[in-house]
Structure formats: C-alpha cells, structure tokens
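Everything below concerns the one structure shown next.
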Amino acid sequence: ALILPTASTRAITINFITGGLGSGIFCLPWSFAGASIVPSIVIVAIVLLINQWTISIVVRAGDKHGVFDLGGVIRHVGGGLGQPLQVLTNVLIWTTMYLTLLSYILVVHDSTVQLGFGAGSWLGSRTVILTLATALVLPLCFLNQRLLERSSTVAVLVYLYLLLLLVWLLYSAWHKEELPSNCCTIGATYKGFFAMISVMFQAVAIQMCVLPMYGELQDRSPEKFDRIVTVSFSALFFIYCGFAVAGYLRFGPEVSSNVLNNLPQDAAADVVQVGVIAVVACIYPIMMYPMTAPLLNGRGPICGFRRRYVIVAAKVFIALLVMCSALVVKTLGIVSVVNGAMSVSFVAVVPSILGLALLRAGLCQRIALCALLVLGLVASFVFDGNYVEDLTCLIKA
C-alpha cells in the first residue's frame, strides 16, 4: 500500500477544516434566502452532527478491517453483497467528487472573470481560463496530507478574510441604511428546507475523504480522529453561519448562487477573488484523494503498469475531464444542489450499511441507523433551486 501514517493531528485538522470550506460555502447565502435564517442555522447544526456521527461509524469500520477507502471497507459486507456494493460505492464516489471538483473550477472561472483577467482578448475566453486553472491545481494533486497542511492554512486564512469582508459590507450597508428590507428571520417552506439540506451536505461533503485522511494520521485511533472531527466541525459551524447570514442580510433574497459575484468591484474584493483562486487550488487535491484511494490502497501492478504511473495518469485524466465539463456547465448553484443530493448517500446510506453490517450496534443504535437510512433516501431527491419564491416569511429580519 502507498498510504503511510505520516501526518500530524494538526495537519489532519487543518486539512479537514479546509475540506469543509469548498465551493458549497459560496452557495450558503443563496440557500439561506430560500429557507430563512433561523431554520437554516438549525439545519447547519443538524447536518454537522449527523456527519460527525456517521464519520465515527466509517472510521471505526475502516480501522477494524485496516482499509482506508470507502469502497474497500464496504466490500466486507457479507451475504454476497460486498463486491456489488463496492462497485456502486466507488461509482458514487467518482461521480460526487467529480461534481465537487467541477464546482471548484467554476468558482475559479467566476473569480477570474470578476478580476477582469484578459477582458476583451483571447486570454479572457472560457477555454483559456479553464486551461490555466487546471494547470494551477494539477501539480498540487500529487502532494500528501502532510505537505498539504501549509496550503490548507492559507485557505483557512483566506476564508476568514472573506468572512470579515462580508461582515464589513453588512455593517457599511446598515450604517448607510442600504440593507435589503425583505430578508426573513423565520419562514416556512418544505422545498427551501430540502434544498438547504442538499447544499449543506455538498458544502461539508468530506465523508469520502475521511478514510484516506485517517490512513495517513500518525498514531491513529478512532478516538483520536473523533477529537479532530469535533474541533473541525465546531470551527466550520461558526464559519458557515457567519458567512451565510452576513451574505444574505447584505445582498437580500436576490443574492447570487455564488455570493462572490455580488461583491463590489474594488481592491478589497479583488483580494478575495485572488484568495479564492488560491483556496480552490488548496482544496482541489484534498477532494481528489478519494477518487484515487482504491489505487493507493492496492498492491502490485495494474494491467501490467506500475501502480504509481497509473495513479499519475488517473489524476491527469480526472483534471482534464473536469476542465472539459466546465466548458459546458456554467452555473454553480445547480451543481451544488445536485451534488448535495448525491452526497446524502455518503452521509446517510453508506454509513448506515457499514454500521448495521460490520459493527456491533445495540438495538437503539440499529433503530437510529435504519432511520438515518430512510432519511438519506428521502433527502437524496434533487431540488434544482433555492425556492425563495415559495418561502412564507413569518418573522422578517
């Protein structure tokens, strides 16, 4: 196996937080607009708690069998279901991570356009921008978790700067009495709530990265990883909610599905756009990890080729596929909602199967896992907007 436990607790924690700060966070103000503030905050908390519980299940199943990719773990399910479930899980991982990487490249393109790069010339064409973006992120995809720690630290600092900028824009608009008057604190809508759930699952779609991270953790144990998840999700809760509330209150129900498009054209916003491009370059390799984890965990040549060469070829192929797809798909919001619906399978369905089939769960835990399985199947239906027009506002902001 090519996975070695060389990453410190700090490195895994920083990378974990960074993995939760993907493109989905830029959709959160838009999602809050369709679900209202208080219910959205509750949904954020519930989704993070469910993720923490299911990550604990996944890690314990992987630790029990000494396997550090989801497909490899689920193969241990008995009754002749192991191999078919492994194939299905790997297909879902590839599809979900492909959509996640696609959303990142779309963010890079949008930020580059906002900066006015190559405006009016061939350098500003979508093809050129996407090619340059792919050339930027691809070399980082060959770093391990330990080496990604420094770039992840930069990513977290950029997001904190963006959060402070949104808070400043909110304060400035409030001081000038220019805030939108139609924001909603508490509202009622079932479509908006489920769309919010889907976007949140996409925002924190890190389940697939957990086992590769755990495999590289020094002196690993499930209890040690539980502490890492608790610290990481606590930080992400405040970042998510602060970012979404500030963006929604500042720009109102008409906020873009990529809130970066709402930022004013000034020096402070330009710093954000440059920072976001750097952030995506830092997160992109973390999200590619699960797609190549089955190759990393194996031994021996693949189809007569050395395993390391196959891994390199796979990463190049993935990056080029994402780039070509971004030439056709141009909207971040719909990618986030669709991917969020698919991500539910990893937060609910896969951990439920692992907990029921591979771990010794008590009666109460089995009931909870069955309920989670049903909830995951229901929540996986695709909602293609934020449904702000369906929101019935009960208490205005």
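The values are calculated or read from the model by the stated rules, or taken from the named source; none is laboratory data. What you see is a predicted model; the values in this text were computed from it and never measured. Please note: Cβ atoms are built from the backbone with ideal geometry, for glycine as well, and neighbour counts cover all protein chains shown. Note: areas computed on protein heavy atoms with side chains; ligands, DNA, RNA excluded. Shrake-Rupley method; radii C 1.70, N 1.55, O 1.52, S 1.80 Å.
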- To the nearest 10 degrees, how steep is helix 145-175 against the longest Cα principal axis of the chain, on a 0 to 90 scale? 20 degrees
- Note on the structure: The distance between the Cα centres of region 222-259 and region 87-150, in whole Å, is 22 Å
- Note on the structure: Taking the chain and a Cβ-Cβ threshold of 4.7 Å, the cysteines left without a partner are Cys27, Cys141, Cys183, Cys209, Cys241, Cys282, Cys303, Cys324, Cys364, Cys370
- Note on the structure: Eigenvalues of the alpha-carbon gyration tensor of the chain, times 5 and square-rooted, give semi-axes in Å, largest first, of 33, 26, 18
- Share of carbon and sulfur in the accessible heavy-atom surface of region 222-282 [1.4 Å probe, %]: 66 percent
- Item | Eligible lysines near Lys330 by straight Cα distance, threshold 25 Å, same-chain separation 8 or greater | Lys191, Lys315
- Item | Amide H within-cut-off set for Ala397, under 5 Å, with H built and near neighbours excluded | Cys183, Cys184, Thr185
- Message: In Å, what Kirkwood hydrodynamic radius results for region 156-244 from the alpha-carbon pair distances?
- Response: 16.3 Å
- Message: Expected output is a single nm value to one decimal: the length gained when fully extending between Val128 and Trp94, i.e. 0.36 nm times separation in residues minus the C-alpha distance. What is it?
- Response: 9.7 nm
- Using alpha carbons only, how many degrees (0 to 90, rounded to 10) separate the axis of helix 190-203 from the longest principal axis of the chain? 60 degrees
- Task: Express the accessible area of the chain per residue in Å², computed with a 1.4 Å probe while the remaining protein chains stay in the model.
- Result: 41 Å²
- Query: If we sort 32-38, 12-18, 363-369, 48-54 on the protection proxy, mean other Cβ atoms within 10 Å, highest first, what's the order?
  - Reply: 32-38, 12-18, 48-54, 363-369
- Task: Sticking with the crude label model, points 7 Å out along Cα→Cβ, report the distance from Gln52 to Cys364 in nm, one decimal please.
- Result: 1.7 nm
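What do you get for trypsin sites (Lys or Arg not before Pro) in region 139-203 restricted to DSSP loop and a cutoff of at most 15 other Cβ within 10 Å of the site's Cβ?
Details: sites: Arg146, Arg150, Lys176, Lys191; in loops: Lys176.
Within region 139-203, the qualifying trypsin sites (Lys or Arg not before Pro) (loop, at most 15 other Cβ atoms within 10 Å) are Lys176.
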- Message: Between Val38 and Asp219, what is the label-point separation in nm under the 7 Å Cα-to-beta-carbon projection?
- Response: 4.6 nm
